[in-house]
Amino acid sequence: MTSANKAKNGVYNKGKNRINDILDAAHELLIDAGYHNFSMRKVADAAGIKLGNLQYYFPSKSVLVSAMLDKTIQVYLDEFDEIRTHGNPEEQFQNLLKHVISDLTKRETTQFFPELWSLSNHEEEMTVHMDQMYAKYRSTLGDIITEMNPALTPKQVEKLALFISASVEGHTVFIGHNKPWTKEVDNIIKMAVQSFTWLIEHGEIPKR
């Protein structure tokens, strides 16, 4: 590798590291300060850079949030990919549910996603970014559902993935970090696996 190429790679890596630092700072700011304190200037302050430097990498809050959500969901998708390498579809479904429901009990998850939902209630663009993030999760879920019951139509699979995803997310306010029913998470997982598996294999799912 020539000196010029080494220098180019060094600049690229430095820029990539800076982007990751910014996204981490934005993520923590949303958790710690809430959506009402989430602004480009405050993200820049949290990242220890000037607003102009932040805007060099992320010209708008919409672009910043989109990148933050891409990074967030990619962590989950990588974990789902690992789950998909072991066992049959039923076991994969069980392990995926166990993973995502257990994850609800973490402080980061309990605080980040509700703040994201609040942000989307006030800014339409954020709703689009959030839906795109969840769509990636539902796609993986849909693949497993299809393998569990190939007789289901694509529309039925889509509805099941949406219903299961919405049901799981709804548990956040009850079994999230330091919530009154956190101690019931193992029982919730068992009931969720039983009920959702039955629904996939025997339920009357609307076809339209």
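The values are calculated or read from the model by the stated rules, or taken from the named source; none is laboratory data. All figures in this text were calculated on a predicted structure; none of them were measured in a lab. Cβ placement follows ideal geometry from the backbone for every residue including glycine, while neighbour counts extend to all protein chains displayed.
When Asp24, Asp32 are checked against the criterion of being over 15 Å from Leu119 (Cα atoms), acidic (Asp, Glu) and surrounded by fewer than 18 Cβ atoms within 10 Å (Cβ to Cβ), Asp24 stands alone in meeting it. Residue under question is Ala67, and the condition is that it be assigned by TED's automatic domain parsing to the domain that holds Asn187 and in contact (Cβ under 8 Å) with a residue 24 or more places away in the chain; does it hold? The answer is yes for Ala67. In region 151-208, which residue that is touching a Lys or Arg at 6+ places or on another chain (Cβ under 9 Å), hydroxyl-bearing (Ser, Thr, Tyr) and free of Cβ contacts under 8 Å to residues at least 60 places away in the same chain is farthest from Leu97 (Cα to Cα)? The residue in question is Thr153.
Would you check if there is a residue in region 148-162 being in contact with a Phe, Trp or Tyr (Cβ under 8 Å, 6 or more places away or on another chain), surrounded by 17 or more Cβ atoms within 10 Å (Cβ to Cβ) and not aliphatic (A, V, I, L, M)? Checked against the condition, which is being in contact with a Phe, Trp or Tyr (Cβ under 8 Å, 6 or more places away or on another chain), surrounded by 17 or more Cβ atoms within 10 Å (Cβ to Cβ) and not aliphatic (A, V, I, L, M), region 148-162 yields no hits at all. The residues of region 150-165 that are in a helix (DSSP H, G or I) and touching a helix residue (DSSP H, G or I) at 6+ places or on another chain (Cβ under 9 Å), listed by number, are Pro154, Gln156, Val157, Glu158, Leu160, Ala161, Leu162, Phe163, Ile164, Ser165. Scanning region 103-126 for residues that are over 14 Å from the mean Cα position of the chain (by Cα), modelled with pLDDT of 90 or more and either farther than 24 Å from Ile175 by Cα or part of a helix (DSSP H, G or I) (or both) yields a single hit, Arg107.
Which of the residues that make up region 58-71 are crowded, with 17+ Cβ neighbours inside 10 Å and out of contact with any Phe, Trp or Tyr (no Cβ under 6 Å at 6 or more places or on another chain)?
Phe58, Lys61, Val65, Ser66, Ala67, Met68, Leu69
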